[in-house]
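Asker: Please find one structure pasted underneath; my questions will follow.
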Amino acid sequence: MRAWCSVGHYLQGVDVIGRVGRYASMFGKNHLFLVDSFVCQMLGEGLYGAYPSLDGCTYRTLTFEGEISRKSISRLSNEAGGEFDVIVAVGGGKVIDVAKMVAAQSGAALVVCPTIAATDAPTSAMSILYSDEGEMNEIVLHVKNPDLVLVDSKVIAGAPTRFLSAGIGDALSTYYEGESNWKTGHANYVWCQSEQAVGTAAGRAIARACMETLERDGRAAVKACEQSTVTPALENVIEANILMSGIGFENVGCSLAHGLGNAMTVLPDGEKSMHGERVGFSTLSLMIAEDYPSEEVERVARFCRDCGVPTTFSELSLAPNDDDLRKVAQAAMQAESWGASPVRLCDAEVVDILKATDALGRRIAQE
Ligand SMILES: [Zn+2]
């Protein structure tokens, strides 16, 4: 069986966030905002500009900070009560994932407004939960994707460029991981009554388009973001990071890049880097492991370097010895996505591949 899922509506452009109330009213009249506390200060009343002209629409706001754990979700659900039919999540990955949980429990429609383009979380039907101590410990697949994802390009351009670069690293993995899954017939992440399904040709085409968009416009988009300016290249890369990568990973599946990138968090300094930074580095490891032509690996490594995606251990704030790398290898091999790759590796081989990735990155840095 082949399976496909995707976000319902997707709107992206300059200053769209001020109209969020109007768009949310397509789905219901009583709106509950879940907002990252930092973002709340940054966007302030600008979020609610449309409400005076919206007949009969009400809104209230809860702020969220901290870890997304089962405990914090039930606390937030209690605070939310039941008087809402649309949840509007505004902020980064954690507030978005918590909003998906509350929306799934309450049956409310979900509008997602990401304020950074660091991951592909906004469009997906997946929440990643952590323990109260901050360890990733549960992946929840929801029946339904968000009803609307609303991306304000000016807000993304105004955020630190590091977030966009991390999003490029995460998005870059989509095509290569999809190809791993395609070769092995591994299941994707589309929820279908606990049955397993593989990706569609449509998903594969979007993953390829994601990679081509990044390679064409990634460098120019990073430059634009450094100047906090919105250009067509930046618009294209925002779409690649959020929409194409989001639809992509869900529909084509993950493999070694996410397996290794997530496994790096077993190291004490593993969380000093961002998810997309670790996954970007690990995409190069995937390419080495799966024996892509060296010209292609070098081309992608240079692209990463130009776009601020880490290609060395030190850029990930790591200085691992062989024991550390063995721990990463062993953790990665436990990941569900590990089996999607067509290659079978022992932990010593994984250690060598990680070292080869770092060596490639250091060589390119010296050129
Ligand atoms: Zn990811």
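The values are calculated or read from the model by the stated rules, or taken from the named source; none is laboratory data. These numbers come from a predicted model, not from an experiment. We place every Cβ from the backbone using ideal geometry, glycine too, and count neighbours over all the protein chains shown. Surface accessibility is based on the protein's heavy atoms, side chains included, excluding ligands, DNA and RNA. Shrake-Rupley method; radii C 1.70, N 1.55, O 1.52, S 1.80 Å.
Asker: Show me the helices of the chain, taken as full DSSP H stretches, that run 24 Å or more along their long axis by Cα and average 0.0 or above in Kyte-Doolittle hydropathy. Present the calculation step by step, with values, prior to reporting the outcome.
Answerer: Working: long enough: 161-184 (35 Å, -0.55); 201-226 (35 Å, -0.14); 347-366 (29 Å, 0.03).
Going by DSSP H runs, the hits are 347-366.
Asker: Taking 7 Å along the Cα-to-C-beta vector as the label spot, tell me the Glu45-Lys223 distance in nanometres, rounded to one decimal.
Answerer: Computed distance between label sites Glu45 and Lys223 equals 4.0 nm.
Asker: Would you mind checking the radius of gyration and Dmax of the chain based on alpha-carbon positions, in Å?
Answerer: 19.9, 64
Asker: What nm distance separates the two modelled labels at Thr58 and Ala359, each placed 7 Å from Cα along Cα→Cβ?
Answerer: The answer from the label model is 6.6 nm.
Asker: Right, something else. Might you tell me the accessible area per residue for the stretch 9-157, computed with a 1.4 Å probe and given in Å²? Write down the numbers at each step before the final one.
Answerer: On the way: 6160 Å² over 149 residues.
Per-residue value: 41 Å².
Asker: Let me ask another. Compute the length gained on full extension between Cys192 and Glu65: take 0.36 nm times their separation in residues and subtract their Cα-Cα distance, giving the result in nm to one decimal.
Answerer: Working: separation 127, 0.36 × 127 = 45.72 nm, distance 3.18 nm.
Full extension of this stretch gives 42.5 nm more.
Asker: Ignoring ligands, DNA and RNA, what percent of the 1.4 Å accessible area of the stretch 9-157 is carbon and sulfur?
Answerer: Numbers: 3180 of 6160 Å².
Ligands and nucleic acids excluded, carbon and sulfur give 52 percent.
Asker: With a 1.4 Å probe and all protein chains kept in place, how much accessible area does Lys272 have, in Å² rounded to the nearest 10?
Answerer: Rounded to the nearest 10, that gives 120 Å².
Asker: I've got another one for you. Between Asp347 and Ala209, what FRET efficiency follows from the Cβ-Cβ distance if R0 is 30 Å, with the result rounded to 0.05?
Answerer: Details: r = 35 Å, r/R0 = 1.17.
Plugging the Cβ-Cβ distance into 1/(1 + (r/R0)^6) gives 0.30.
Asker: Continuing with this model, one more query. Got a number for carbon plus sulfur as a percent of the stretch 206-357's accessible area, 1.4 Å probe? Can you show the working numbers first?
Answerer: Working: 2830 of 5730 Å².
After summing per-atom areas, the C and S share lands at 49 percent.
Asker: What does the charge count near Cys5 come to, summing +1 for each Lys or Arg and -1 for each Asp or Glu among other residues with Cβ under 10 Å from its Cβ?
Answerer: Details: positive: Lys144; negative: Glu250.
It works out to a net charge of 0.
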